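Participant: The structure's right below; bear with me while I get my questions together.
The values are calculated or read from the model by the stated rules, or taken from the named source; none is laboratory data. All of these numbers come straight from a predicted model, not from anything done at the bench. Backbone-built Cβ (ideal geometry, glycine too); neighbour counts: all protein chains shown. Quick note on the areas: whole protein, heavy atoms, side chains included, nothing else; ligands and nucleic acids left out. Shrake-Rupley method; radii C 1.70, N 1.55, O 1.52, S 1.80 Å.
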Amino acid sequence: MELLFQLGIISLLLLIGWSIGGATERRHFRSLVKREAQLRDILVFNERRPPQDQAFGQAALVMGSVVIGEDYFKRFAATLRSLFGGTLRMYESVMDRGRREAIVRMKAAARRQGATMVFNVRFETSSLSADAGQRSSVFSAEFIAYGTALKPR
Amino acid sequence: MELTNLETFPGKTIVRHLGLVQGSTVRSKHVGKDFMAGLKNFVGGELKGYTELLNESRNEAIARMVAQARAAGGNAVVNVRFSTSNIAAGAAEVMAYGTAVEIR
């Protein structure tokens, strides 16, 4: 009876994760596509030096960051998948979302400065999972993108 | 104080190099926030509390780096880099470092 109860809770959480988590992800992707289109005119480069033959106005460090967590369904699916190894597609979408969100926020910061280009863009990702070893621990990752925003002269 | 992660300052010249400066901070998550994030983790998505917390930490790290650069007599920091590490359960260190310079 108790086992049945526990199974019930787990499947309820899986259902919540799958439905709400999936909806959140789709909504996030839609919003990313929209904001990426709005910020398309801000050019982003990972070159270390801006072109020498152009004059630029003020330079400023800009940054975008986001912390994204997985949902219960993804965690469950990834645990199962890890038994056999291979591509963890459910996490790939989380990484993709995080990194694109960080870029969008960095570009938005550049626009607030009145800049049109961002040079020397660097990415960083770090895991924020608390309490290693604890099953219920929160897995989440922080994504940051930063670079130097330049205004045209 | 001007910051850039380029090696030079566009439109300005570096007249003096003043060496490496760095700032860091270690913060842990608020229990309430951690609890909320735990709940949020069933459905996934952005954990806004953590995003804000890490942004605050990063601003603090930058402020400490800037204070060092100012103490060294600089008016800009070039080649700024960030790094984050998860040093203990629930605590993260955020670090910013760069080269303090005097620009004109």
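Participant: Using a 10 Å cut-off around each Cβ of peptide A:63-73, what is the average number of partner chain Cβ atoms that fall inside?
Facilitator: Working: counts 7, 1, 8, 7, 11, 6, 11, 5, 6, 4, 3.
Across A:63-73, the average partner-chain Cβ count within 10 Å equals 6.
Participant: Once fully extended, how much extra length lies between A:Ala108 and A:Phe45, figured as 0.36 nm per residue of separation less the alpha-carbon to alpha-carbon distance?
Facilitator: Extending this stretch completely gives an extra 21.2 nm.
Participant: Quick one: angle between helix B:31-40 and the longest Cα principal axis of chain B, in degrees between 0 and 90, rounded to 10, please.
Facilitator: Here the helix axis deviates by roughly 70 degrees.
Participant: Pop out the carbon and sulfur fraction of the accessible area of the protein assembly as shown as a percent, whole number, probe 1.4 Å.
Facilitator: Here carbon and sulfur together make up 58 percent of the probe-accessible area.
Participant: Can you give the extra length, in nm with one decimal, that the chain gains between B:Arg27 and B:Glu7 once fully stretched, where that is 0.36 nm per residue apart less the Cα-Cα distance?
Facilitator: In short, 4.2 nm is gained.
Participant: Then there's this: How large is ³J(HN,Hα), in whole Hz, for each residue of region B:69-76 in order, when computed from phi with the Karplus curve 6.51 cos²θ - 1.76 cosθ + 1.60 and θ = phi - 60°, using x for Gly and Pro?
Facilitator: 4, 5, 5, 7, x, x, 10, 7
Participant: Work out the FRET efficiency for B:Met36 and A:Met1 from their Cβ-Cβ distance, taking R0 = 25 Å, and round it to the nearest 0.05.
Facilitator: Once the sixth-power term is evaluated, E becomes 0.20.
Participant: Could you work out, residue by residue across B:6-17, how many beta carbons of other chains sit within 10 Å of that residue's beta carbon, and then give the average as an integer?
Facilitator: Mean inter-chain Cβ contacts per residue within 10 Å come to 4.
Participant: Same structure, new question: Quick check on the protein assembly as shown: helices-only [θ] at 222 nm, where DSSP H runs of length 4 and up contribute -39,500 (n - 2.57) each and the sum goes over total residues. Nearest 500, please.
Facilitator: Working: 6 runs with 103 residues, N = 257.
Value at 222 nm, helices only, nearest 500: -13500 deg cm²/dmol.
Participant: Ok, one more. At what distance in nm do the modelled label points of A:Ala78 and A:Met95 sit from each other, each positioned 7 Å from its Cα along Cα→Cβ?
Facilitator: Here the answer is 1.0 nm between the modelled labels.
Participant: May I pose another question? Calculate, for region A:2-152, the solvent-accessible area per residue in square angstrom, rolling a 1.4 angstrom probe over the heavy atoms of the protein chains. Don't jump to the answer; show the numbers that get you there.
Facilitator: Values: 8310 Å² over 151 residues.
With all protein chains present, region A:2-152 gives 55 Å² per residue.
Participant: Run the numbers on region B:42-56: which residues show a drop of 10 Å² or more in accessible area, chain on its own versus all protein chains together, using a 1.4 Å probe over heavy atoms?
Facilitator: Hits at the 10 Å² cut-off: B:Phe42, B:Val43, B:Gly44, B:Gly45, B:Glu46, B:Leu47, B:Tyr50, B:Thr51, B:Leu54, B:Asn55.
Participant: Could you run the numbers on buried accessible area between B and A, total for both chains, 1.4 angstrom probe, in Å² to the nearest 100?
Facilitator: 3200 Å²
Participant: If you don't mind, there's one more thing I want to ask. How far apart, in nm, are two points set 7 Å out from the Cα along the Cα-to-Cβ line at B:Glu52 and at A:Ala37?
Facilitator: It works out to 3.1 nm between the two label points.
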